[in-house]
1. Could you list, in sequence order, all residues of the range 251-268 that are open to solvent by 40 Å² or more (accessible area, probe 1.4 Å) and without any contact (Cβ under 8 Å) to a residue 40 or more places away in the chain?
2. Among the residues of the range 149-169, is any at pLDDT below 95 and exposed (fewer than 14 other Cβ atoms within 10 Å of the Cβ)?
3. When you check residue 165 against the structure, is it under 30 Å from residue 82 (Cβ atoms) and not in a loop (DSSP other than H, G, I, E, B), yes or no?
4. Only residues in the range 270-288 that are touching a residue at least 60 places away in the same chain (Cβ under 8 Å) and surrounded by fewer than 16 Cβ atoms within 10 Å (Cβ to Cβ) count as the first member; pair them with residues that are aliphatic (A, V, I, L, M) and not in a helix (DSSP H, G or I), Cβ under 9 angstrom, at least 6 apart or cross-chain, and list the lot.
5. Tell me yes or no: at least one residue of the range 122-133 is among the charged types (D, E, K, R), within 29 Å of residue 51 (Cβ to Cβ), open to solvent by 30 Å² or more (accessible area, probe 1.4 Å) and modelled with pLDDT under 95.
6. Tell me, which residue of the range 296-320 that is at pLDDT 50 or above and open to solvent by less than 50 Å² (accessible area, probe 1.4 Å) is farthest from residue 272 (Cα to Cα)?
7. Suppose we filter 8, 69 for residues that are part of a loop (DSSP other than H, G, I, E, B), surrounded by 11 or more Cβ atoms within 10 Å (Cβ to Cβ) and modelled with pLDDT of 90 or more; which single one remains?
8. Return a yes/no flag: does the range 205-217 have any residue that is under 17 Å from residue 124 (Cα atoms), among the aliphatic types (A, V, I, L, M), in a strand (DSSP E or B) and out of contact with any Asp or Glu (no Cβ under 6 Å at 6 or more places or on another chain).
Amino acid sequence: MIVLTAFGTIESAVAAMREGAIDYITKPINREELALALRRVFDRQRLVRENQELRERLAEGRSVDQLIGASKAMQNLRETITRLADADVPVLIRGESGAGKELVARALHYDSPRALSGKYVVLNCAAIPGELLESELFGHRKGSFTGAVEDRIGKFEAADNGTLFLDEIGDMPLALQAKLLRALQESEVTRVGESQPRRVNVRVLAATNQPLEERIKTGGFRQDLFYRLAVVPLNVPPLRERLDDIETLAKHFLAKHGSPGAGLSPEALAALRAHPWPGNVRELENIFMRVCALHPELRIIGAEQIMLSGIKSDQSLTGSLLSGGPVTIPQDGIELEELEKKLLQAAWEQSGHNQTAGTELLGMNRQAFIYRLQKHGIVPKYGSKVKGKQS
């Protein structure tokens, strides 16, 4: 709060400061004095916010310790992050979707000196249309394009003295990759609609689940940008390569989402360890979010509560997938498309080719059920008469 008055007195100034005013200005207004007062307000807000963030991080411990798991793969990952946190070099974080790449990026920032001097800023390159991505990265000047109604800083300037995390870097348009490369090489950015570059001090972390080397060969990604970003490549292991961490992760997610103290039955743990985990840790967390929402009273979570999709290793699905009994995955795994087709085929046969009964078996709407039957060739596509009862 700033008090501005034409009737300034020492008494009113003291009273205002006691009530929490950060400054007291008398009329007529001196613009430089007012600008200085506003800067003090913003500086105070920034210091309060940073102090709160630091207290929270000290209470939580190191960010790298939030990467849960005692497996050898996770131990190696945490050790590497600890070494890289102070290195202040670009890191390319690679891993499958849902494996925890952003957690790694956060740890690299918050366990580094940059956590004290700047912000951690995130930009998902796949979530923003290509024509707007340049403005998001570098900022723009008012009137530089339709919709630019005011000056705006970009992510680089917002992350000055801090860290910029570019998620899904493989989806960045090729034309913008050249501008990103220049920004990394020169430590300068130019806002859209301006010609004067601005100096920035930013550590860039990037993440991808794509094979960038293959994209380089096909001309979809610049080789020089790849080498600039991948000064240190860091691989995040998928969940199927650290199955020993599943029980620890499961208990963590149960506590996080409202069921502290709950455990897993041996059958549930065996089903979790047999699952192929295409969605990795994110998929595992979603399972226990659902469990906590639907069964908050349970102390022991059984296989029937986690509701994993799986198949027996024999050819028959009718008596296993739809019976509610325990199911297992073959040792060599199974493609998701094949799993979906076999599950739909089993539901179609068990329902006696009745669409309504089939949708009830799988808990899905009728339109989606018919679409998937047609997609897998179980029934003819539209334009041909669909066999089976329509009720």
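The values are calculated or read from the model by the stated rules, or taken from the named source; none is laboratory data. Everything quoted here is computed from the prediction, not taken from an experiment. In this analysis, Cβ positions are derived from the backbone assuming ideal geometry, glycine residues included, and neighbour counts consider all displayed protein chains. Calculation scope for accessible area: heavy atoms of the full protein, side chains included, ligands and nucleic acids excluded. Shrake-Rupley method; radii C 1.70, N 1.55, O 1.52, S 1.80 Å.
1. Passing the criteria: 251, 255, 256, 257, 258, 260, 261, 266.
2. Yes, the range 149-169 contains a residue that is at pLDDT below 95 and exposed (fewer than 14 other Cβ atoms within 10 Å of the Cβ).
3. Yes; evaluated as a whole, the condition is true for this residue.
4. From residues that are touching a residue at least 60 places away in the same chain (Cβ under 8 Å) and surrounded by fewer than 16 Cβ atoms within 10 Å (Cβ to Cβ), the pairs are 282/99.
5. no
6. Per the stated criteria, the residue is 298.
7. 69
8. So far as the range 205-217 goes, yes, one or more of its residues are under 17 Å from residue 124 (Cα atoms), among the aliphatic types (A, V, I, L, M), in a strand (DSSP E or B) and out of contact with any Asp or Glu (no Cβ under 6 Å at 6 or more places or on another chain).
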